[in-house]
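Trainee: Please read through the structure below; I'll follow up with questions.
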């Protein structure tokens, strides 16, 4: 009560692209009476019975929606059961003082005097703990909790609270040295080579053979995007899939790579050609780990933060680290929850990436990093969209790439098959990213502008 | 109309362990009037509006059920849409003569004279074709169609009708020689080594590198259980998962291995340790392909047929090939649809397999085939269940195995961790298979009886 469920619930529904149902309003609409009136006429037990009935119906739909439940709904056993069985349930946290201030004098039947309001608050806490899979204080927090993503300074030191049961760890030597995790493990850590060299068939083949977990075990992946991609794929396929926990240690990982369940390794024929969709049981993001991140690695991640900010229509790149990570992670989590198998909407996350991949191929993956390529790719996407490029220029200061112009163009054309002289690219509009067709000549010109002579 | 939807629908619901809803009866229960009365009072359009409303509600539940719809429901656009979006829709086929004989004189408002009945039948055929993902004539047929499984003599020659769009083929040399498929392919077939040698990491690594399909492509796996297991896993992981079509050519494959979406390869550390759940877009089973199957291979499959018959409580092993395959495939399909991720019920399919795996390990996978081991394992499971063993003895005539007794027992204990001196095994009861705890000494004795001195 007084936690802001109606306002925040509506924001969550917008982020997730689902209808919003406020259970109290729904009950009022159906009965034609206010909650206060129903309490008066039927007593609390009469209201609870009605509430349980409407909740069961709303939670029984095949179509997904965001449902806000009043704080007392959990007092009914059937509602608790339905919340456990049928919903990702997130508790909106509020301090009792704040809740009382917001609820008093608002005709709420159970907020008439402070003493009983506070005793109610205390009594319900264990019930909330029983049904809630996560806790939050705002819409981004609800989305993160629904996706099993924890973003919190210091979260890394509490990793053992998240990883339940038998576990093994995959990481790389540098990360293990900087951030030794305090976790009880079944075996010594599996140490991968760093960077893209971790994302090979040989790596996952080694993991498959080394793992000793049974189906109930958890694989913890600690490291950058390459470690989480490879270990996540091993978890997706070992014993036909076991739980995994992603613990990203780089900015790229924390705002992008470790979120959303895409796992993959590379083939000599191309990147990410082998993989699986396998959502982590939890993703634990501790922005404090970024303190040890080298500046050039940070810039890699900032390219994705700027991309996310452009898509979200907010200057996320100007926020302090903890907030920048939290907001970016929430944006990506929402998109991935809306489109977990990458069938449409999620592709808007590729803003700038068509050009980036072309530049990387043009450089034969040698002389340009992914982040620098994305920064340049964003310039091209913004120009094609007819939008200002100053955010990219000021934050990422990309220099034209010294890559083979023709090879880059051929890679782009191979990647995005031309139809009737048009290529599909992600552009930016007032409402965010969208896939669109652009004339081949325009795309080629935009690519060309990114390349130094 | 007159196709038997109420009777067959109830049988399907039993097979799938779901509630059965007959839409006409539901409408009658809600209105307190018979369908004939509703037609009289509100006209056909009034009935259709009511029908669409109740259908939308029934199809909108998150909980799965088997829903029987009257033949005219598809005349409403909204119902067709809901059937396409929300259900696996199967058309119950019936000849117009039979339908008329069953429907006439039964107070069915649209079956009053034969000429208009027949014209109705003709008019609705294209609507059925539009919404139905499959066709069937009995409960097993509905289950198979719902699982995308086609069992039909001659189905192999019509493979091209099932495989849509760009495709590549995986098979082995012997099968390709016996059964060259008539399919337009993007590349020459990918030829695997035969038997378990196909189920290696090296095989799938080769497939990953050789495949040229994009996300919209289909991988066709033609062969025994080893080919479908390995190719299915490649399809599950190539580009994070593409469609695949399983075309089993052995009896084991047709009644067991190719059904239910389990794919896997072996590691030196053990069988099936790496894999994925990836349900085939279609499973095409042509019992005529069994004509070329060597007798010993056939016996391998019969062990699974006997197991299936014991679980189903029917002497499936006495049926002619086409029917034996169809019934066995339907039984497995139903169990797998009920428990696609192997979280409980599906484990009853392991009847006898705990002992079989122990015998195979005792023989170091050399001197005993899987089918012979299963035949013996069934004996042990039946004895532990206190049930007659004659079906196994008469059909499979298993001889005691010459394997290392201690090695077999240690393998069984490693496989099924003992809890309080008890081991979990699948037993057979009057209602089918069930997982149960058995005293370690009894299990050891039952295993011992399978082994020759």
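The values are calculated or read from the model by the stated rules, or taken from the named source; none is laboratory data. Just so we're clear, the structure is a prediction, and the values are computed from it rather than from any experiment. In this analysis, Cβ positions are derived from the backbone assuming ideal geometry, glycine residues included, and neighbour counts consider all displayed protein chains.
Per-residue answers, yes or no, for (1) assigned to a helix (DSSP H, G or I); (2) touching a residue at least 60 places away in the same chain (Cβ under 8 Å); (3) loosely packed, with under 15 Cβ neighbours inside 10 Å:
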| residue | (1), (2), (3) |
| --- | --- |
| A:408 | yes, no, no |
| A:414 | yes, no, yes |
| A:426 | no, yes, no |
| A:433 | no, yes, no |
| A:438 | no, no, no |
| A:441 | yes, no, yes |
| A:447 | yes, yes, no |
| A:453 | no, no, yes |
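Trainee: Test of understanding: among A:380, A:373, which residue is surrounded by 24 or more Cβ atoms within 10 Å (Cβ to Cβ), in a helix (DSSP H, G or I) and free of Cβ contacts under 8 Å to residues at least 40 places away in the same chain?
Mentor: A:373
Trainee: Could I ask something else about it? Restricting to segment A:319-347, count the residues that are touching a helix residue (DSSP H, G or I) at 6+ places or on another chain (Cβ under 8 Å) and part of a helix (DSSP H, G or I).
Mentor: Of the residues in segment A:319-347, 19 are touching a helix residue (DSSP H, G or I) at 6+ places or on another chain (Cβ under 8 Å) and part of a helix (DSSP H, G or I).
Trainee: Here is a list of conditions, (1) assigned to a helix (DSSP H, G or I); (2) on the phi > 0 side of the Ramachandran plot, and residue B:203 meets all of them except one; can you say which number that is?
Mentor: Result: residue B:203 passes all but (2).
Trainee: So, one more: Let me confirm something: among A:129, A:82, A:155, A:136, which residue is in contact with a strand residue (DSSP E or B) (Cβ under 9 Å, 6 or more places away or on another chain), under 27 Å from residue A:216 (Cα atoms) and surrounded by 14 or more Cβ atoms within 10 Å (Cβ to Cβ)?
Mentor: After applying the criteria, what remains is A:155.
Trainee: If you don't mind, another one. Please go through (1) within 14 Å of chain B (Cβ to nearest Cβ); (2) touching a residue at least 40 places away in the same chain (Cβ under 8 Å); (3) more than 21 Å from residue B:240 (Cα to Cα) for residue A:209 and return the number of the only condition it doesn't satisfy.
Mentor: The one condition residue A:209 does not meet is (2).
Trainee: Output the residues belonging to segment A:213-229 that are modelled with pLDDT of 95 or more and either surrounded by 24 or more Cβ atoms within 10 Å (Cβ to Cβ) or at the interface with chain B (Cβ under 10 Å from one of its Cβ atoms) (or both).
Mentor: A:219, A:220, A:221, A:222, A:223, A:224, A:225, A:226, A:227, A:228, A:229
Trainee: Residues in segment A:182-197: is at least one modelled with pLDDT of 95 or more, within 30 Å of residue A:370 (Cα to Cα), in a loop (DSSP other than H, G, I, E, B) and not assigned by TED's automatic domain parsing to the domain that holds residue A:322?
Mentor: Yes: one or more hits.
Trainee: Got a number for residues in segment B:176-194 being loosely packed, with under 11 Cβ neighbours inside 10 Å and either within 25 Å of the chain's Cα centre (by Cα) or under 23 Å from residue B:288 (Cα atoms) (or both)?
Mentor: 3
Trainee: Could you please find all residues in segment A:88-103 being more than 18 Å from residue A:126 (Cβ to Cβ) and either part of a helix (DSSP H, G or I) or without any contact (Cβ under 8 Å) to a residue 12 or more places away in the chain (or both)?
Mentor: Those that are more than 18 Å from residue A:126 (Cβ to Cβ) and either part of a helix (DSSP H, G or I) or without any contact (Cβ under 8 Å) to a residue 12 or more places away in the chain (or both): A:97, A:98, A:100, A:101, A:102, A:103.
Trainee: So, one more: Assuming residue B:7 fulfils every condition listed in (1) in contact (Cβ under 8 Å) with a residue 12 or more places away in the chain; (2) under 32 Å from the mean Cα position of the chain (by Cα) apart from one, which condition is it?
Mentor: Of the numbered conditions (1) in contact (Cβ under 8 Å) with a residue 12 or more places away in the chain; (2) under 32 Å from the mean Cα position of the chain (by Cα), the odd one out for residue B:7 is (1).
Trainee: Still on this structure, please answer the following. Could you identify the single residue in A:87, A:82 that is under 16 Å from residue A:22 (Cα atoms) and within 14 Å of chain B (Cβ to nearest Cβ)?
Mentor: Just one listed residue meets the conditions, A:87.
Trainee: What number goes with the only condition from (1) part of a loop (DSSP other than H, G, I, E, B); (2) modelled with pLDDT under 95; (3) within 28 Å of residue A:329 (Cβ to Cβ) that residue A:85 does not pass?
Mentor: It fails just one condition, (1).
Trainee: Kindly provide the set of residues from segment A:304-343 that are within 14 Å of another protein chain (Cβ to nearest Cβ) and surrounded by fewer than 20 Cβ atoms within 10 Å (Cβ to Cβ), ordered by number.
Mentor: A:339, A:340, A:341, A:342, A:343
Trainee: Being touching a residue at least 40 places away in the same chain (Cβ under 8 Å) and over 21 Å from residue B:145 (Cα atoms) is the requirement here; does residue B:35 meet it?
Mentor: yes
Trainee: Taking the condition free of Cβ contacts under 8 Å to residues at least 24 places away in the same chain, in contact with a helix residue (DSSP H, G or I) (Cβ under 9 Å, 6 or more places away or on another chain) and assigned by TED's automatic domain parsing to the domain that holds residue B:351, does residue B:300 pass?
Mentor: no
Trainee: Provide a single number: the residues in segment B:103-120 that are more than 23 Å from residue B:58 (Cβ to Cβ) and crowded, with 16+ Cβ neighbours inside 10 Å.
Mentor: Counting residues in segment B:103-120 that are more than 23 Å from residue B:58 (Cβ to Cβ) and crowded, with 16+ Cβ neighbours inside 10 Å gives 4.
Trainee: OK, next. Confirm whether residue B:111 is within 14 Å of chain A (Cβ to nearest Cβ), at pLDDT below 95 and in a loop (DSSP other than H, G, I, E, B).
Mentor: no
Trainee: Answer yes or no: is there a residue in segment A:60-72 that is assigned to a helix (DSSP H, G or I) and touching a helix residue (DSSP H, G or I) at 6+ places or on another chain (Cβ under 9 Å).
Mentor: no
Trainee: In segment A:188-206, what residues are in contact with a helix residue (DSSP H, G or I) (Cβ under 7 Å, 6 or more places away or on another chain), in contact (Cβ under 8 Å) with a residue 60 or more places away in the chain and within 14 Å of chain B (Cβ to nearest Cβ)?
Mentor: Of everything in segment A:188-206, those that are in contact with a helix residue (DSSP H, G or I) (Cβ under 7 Å, 6 or more places away or on another chain), in contact (Cβ under 8 Å) with a residue 60 or more places away in the chain and within 14 Å of chain B (Cβ to nearest Cβ) turn out to be A:199, A:201, A:203, A:204.
Trainee: Every residue in segment B:48-71 that is away from chain A (no Cβ under 14 Å) and without any contact (Cβ under 8 Å) to a residue 60 or more places away in the chain, please.
Mentor: B:48, B:49, B:50, B:51, B:52, B:53, B:54, B:66
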